[in-house]
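Colleague: Pasting a structure below so you can have a look.
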Amino acid sequence: MKILIAENMEEFDNLGASIVADVINNKNDATIGFATGSTPIGMYQKLIDMYNDGKLSFKDITTFNLDEYVGLEKTHNQSYYYFMHDKLFDKVDIDENKVNFLSGTETDTFAECKRYSDLLANNTIDLQILGIGANGHIGFNEPNTDFNSVTREVMLTEKTISDNARFFESIDDVPKSALTMGINEIMASKKIVLLANGKNKADAVYNMINGEVSAECPASVLQLHNDVVVILDKESASRIK
Ligand code: F6R
């Protein structure tokens, strides 16, 4: 793992954006795996700035998002589909025909997950962007997920539901389950960039980097990948050796 510790959030966002931009500029039709959550928002803004400055085009890329809440329509302002369009896709020249999402509103969630898994099996992700949960989850692969897991429906842990309640009017509005890419599919990406900031991520970051490779901290599996860049701020890096 290559670990970069940013001096401030400006540098944090720029470090992430430059990795994404390099991958796309080296391969215009790259396949990029996107993550939602608060951590990458600043990086997405930097990518929009690069697009506005004429330094980056998204028009030939294919995208896959990591996960989606079960039960939220695309138009719901907390769906991950809405998030990605609001924070990045609607502000750049992305080709909507090349945007891939899990749908959280299919009655047959099993078939929906199989559809996505099959797509992933036929598309190698050149760069997967990840955040990390305070409990060490990646995507919505919660602690004790099998490293061989593929796309499926998962129940969210109480920790994740309470962490994500900040985005909803009340904790009761947070969906109880989600569809997520599996760890096996995340690990199949050629390159991975994981971003973490804030003190509440310090334990998860420590377990990911210095802990044993164990399903108790799903992100620790990244120790087994040969091209991972971890971008941290000083607080999230405060426990690592
Ligand atoms: C989001 C995702 C999650 C988040 C993680 C951190 O698509 O898959 O694993 O990356 O929960 O979320 P934030 O950035 O909000 O702390």
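Colleague: Ignoring ligands, DNA and RNA, what accessible area per residue does region 156-203 give at 1.4 Å, in Å²?
Modeller: 45
Colleague: In region 100-130, which residues have a backbone nitrogen under 20 Å from the label point lying 7 Å from Gln45's Cα in the Cα-to-Cβ direction?
Modeller: 130
Colleague: If you average 1/r over all unlike Cα pairs in the chain and invert the result, what Kirkwood radius do you get in angstrom?
Modeller: For the chain, inverting the mean 1/r across all distinct Cα pairs yields 17.8 Å.
Colleague: If each of Asn210 and Lys190 carries a label point 7 Å out from its Cα toward its Cβ, how far apart are those two points in nm?
Modeller: 3.4
Colleague: Looking at region 102-170 from every direction and averaging, what is the projected area of its Cα convex hull in nm²?
Modeller: For region 102-170, the mean projected area of the Cα convex hull comes to 5.9 nm².
Colleague: Sticking with this structure for a sec: Quick one: among Asn100, Asn26, Asn123, which has the greatest mean-square fluctuation in a GNM of the chain with alpha-carbon springs under 10 angstrom?
Modeller: Of Asn100, Asn26, Asn123, the Gaussian network model singles out Asn26 as fluctuating most.
Colleague: When only DSSP loop residues count, what GluC sites (Glu not before Pro) in region 141-225 have their Cβ near at most 16 other Cβ atoms within 10 Å?
Modeller: Qualifying residues, ordered by number: Glu169, Glu212, Glu216.
Colleague: Okay, moving on. Return the whole-Å distance between the Cα centroid of region 96-142 and the Cα centroid of region 151-220.
Modeller: Centre-to-centre (Cα) distance: 13 Å.
Colleague: For every other residue with a beta carbon closer than 12 angstrom to the beta carbon of Met43, add +1 if it is Lys or Arg and -1 if Asp or Glu, then tell me the sum.
Modeller: Once positives and negatives cancel, what remains is -2.
Colleague: Separate question: Using 0.36 nm per residue of separation minus the Cα-Cα distance, give me the extension gain between Ala111 and Asn77 in nm, one decimal.
Modeller: My answer for the length gained is 9.7 nm.
Colleague: Sum -39500 (n - 2.57) across every DSSP H segment of at least 4 residues in the chain, then divide by the residue count to get the 222 nm mean residue ellipticity, nearest 500.
Modeller: -8500 deg cm²/dmol
Colleague: Rank by packing, highest mean first: peptides 6-12, 110-116, 33-39, with packing defined as the count of other Cβ atoms within 10 Å averaged across residues.
Modeller: Ranking, from highest mean packing down: 33-39, 110-116, 6-12.
Colleague: Leaving ligands, DNA and RNA out of it, report the carbon-plus-sulfur percent of the accessible area of region 51-123 at a 1.4 Å probe.
Modeller: After summing per-atom areas, the C and S share lands at 45 percent.
Colleague: Now, a different point. Per residue, how much accessible area does region 43-96 show when a 1.4 Å probe rolls over the protein heavy atoms, in square angstrom?
Modeller: Each residue of region 43-96 exposes 45 Å² on average to a 1.4 Å probe.
Colleague: Run the numbers for Asn226 and Asp53: contour at 0.36 nm per residue of separation, minus the present Cα-Cα distance, in nm.
Modeller: Extra length available between Asn226 and Asp53 comes to 59.0 nm.
The values are calculated or read from the model by the stated rules, or taken from the named source; none is laboratory data. Just so you know, these numbers come straight off a predicted model, no measurement behind them. Note that we place each Cβ from the backbone using ideal geometry, even for glycine, and neighbour counts take in every protein chain shown. These area figures cover heavy atoms from the full protein model, side chains too; ligands, DNA and RNA do not enter into them. Shrake-Rupley method; radii C 1.70, N 1.55, O 1.52, S 1.80 Å.
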